Amino acid sequence: MNTTVRRFAKQSEASLAAGEFITETCRKAIEARGIFSLVLAGGNTPRLLYQLLGAPPLCDRIDWQKTCFFWGDERCVPLDHPDSNYAMCRSTLFAVTLPPEQNIYRIRGEVQPPEKAAALYEESLRSFFGVSEEPPATSTAFDLVLLGMGKDGHTASLFPGSSGMLNSDRYVMATCNHFAAPDVPRVTMTPFILNQARNICFLISGQEKGQIMQNILENHDEAAAKYPAALIRPLNEGELIWFFSEHS
Ligand code: 6PG
């Protein structure tokens, strides 16, 4: 694993750098394997990044026909709900160019109960990677996973204290955390599948998150006991890149 920290004064600069990294990784993946699998983050921080990716010049560098979009987590709300991570992407990343429907692997957060939504997503991931055996195989490497991080060190919907999920060999699980905003049930990918990615990028901003990042970098074992984000790093010779901006 190779770790890089890219520091910026402003979130706009970090978002542009992340966008350029994503489009370059897209080009290389399609050149090498004919497809680019991209896992998107939720929350508010990536909004500007998605707007940049969904508009020229960056959108012209994405092969939308050969890029498959996934989500690291989703809130269990209707897909047009303001808290839906998919809805945020639909109004930013996909505002101008909507990929082919078969390239959008959406977590169906509207399906109840959340455990069923998680099982459906797990099946769609197994189908995408062409694996079906139990327990999940380990030949499931996304080309790039984009993640945010909360001020408690959570990432995707992997919250502190959810050890059962953090150590699971499932790809996807249902969860909830009443201290999270919004306080709704969620479906999340697990470290098991996230860590198989070729590239993992965190896009974060602000001093509080910067201190958690620094703790993870300098005291990983101690941080891993507190912050789920510390558990997310490529298993193999993958790249881990922090795009950090001092100011939001
Ligand atoms: C979610 C996200 C979550 C997010 C962090 C940071 O669905 O809420 O996946 O992990 O990345 O909570 O959120 P902000 O970018 O809004 O600070």
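The values are calculated or read from the model by the stated rules, or taken from the named source; none is laboratory data. In this text, all values refer to a predicted model and were calculated from it rather than measured experimentally. Because the Cβ atoms are built from the backbone with ideal geometry, glycine has one as well, and the counts that use them run over all protein chains shown.
Figures for the structure shown
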{"quantity": "The listed residue being over 30 Å from Thr175 (Cα atoms) and either of a type outside the set (A, V, I, L, M) or not in a strand (DSSP E or B) (or both), out of Leu52, Leu79", "calculated": "Leu52"}
{"quantity": "Residues of region 141-154 classified as within 14 Å of the ligand (Cβ to nearest atom) and either of a type in the set (D, E, K, R) or assigned to a loop (DSSP other than H, G, I, E, B) (or both), total", "calculated": "7"}
{"quantity": "Qualifying residue in region 26-39 (condition: crowded, with 17+ Cβ neighbours inside 10 Å and within 16 Å of the ligand (Cβ to nearest atom))", "calculated": "yes"}
{"quantity": "Selection from region 90-108 of residues that are out of contact with any helix residue (DSSP H, G or I) (no Cβ under 6 Å at 6 or more places or on another chain) and at pLDDT 95 or above", "calculated": "Arg90, Ser91, Phe94, Ala95, Pro99, Pro100, Glu101, Gln102, Asn103, Ile104"}
{"quantity": "Pairs with Cβ under 6 Å, 6+ apart, first in region 24-40 and outside any helix (DSSP H, G or I), second among the acidic types (Asp, Glu)", "calculated": "Phe36/Asp143; Ser37/Asp143"}
{"quantity": "So Ala181, is it at pLDDT 95 or above, surrounded by fewer than 21 Cβ atoms within 10 Å (Cβ to Cβ) and within 14 Å of the ligand (Cβ to nearest atom)", "calculated": "no"}
{"quantity": "Cβ pairs under 9 Å, 6+ apart, first in region 100-129 and free of Cβ contacts under 8 Å to residues at least 60 places away in the same chain, second surrounded by 18 or more Cβ atoms within 10 Å (Cβ to Cβ) and acidic (Asp, Glu)", "calculated": "Arg106/Glu74; Arg108/Glu74"}
{"quantity": "Residue list for region 155-176, restricted to those being assigned to a loop (DSSP other than H, G, I, E, B) and more than 10 Å from the ligand (Cβ to nearest atom)", "calculated": "Pro160, Gly161, Ser162, Asn167, Ser168, Asp169, Arg170, Tyr171, Cys176"}
{"quantity": "Every pair of residues 6+ apart whose Cβ atoms lie under 6 Å, when the first sits in region 155-180 and is over 16 Å from Leu194 (Cα atoms) while the second is modelled with pLDDT of 90 or more and not in a loop (DSSP other than H, G, I, E, B)", "calculated": "Thr175/Arg186; Thr175/Thr188"}
{"quantity": "Residue in region 21-30 that is at pLDDT 95 or above, within 15 Å of the chain's Cα centre (by Cα) and charged (D, E, K, R) present", "calculated": "no"}
{"quantity": "Count of region 52-100 residues which are away from the ligand (no atom under 15 Å from the Cβ), surrounded by 14 or more Cβ atoms within 10 Å (Cβ to Cβ) and among the acidic types (Asp, Glu)", "calculated": "1"}
{"quantity": "Residue count for region 177-211, restricted to those that are under 25 Å from Val77 (Cβ atoms), polar (S, T, N, Q) and assigned to a loop (DSSP other than H, G, I, E, B)", "calculated": "2"}
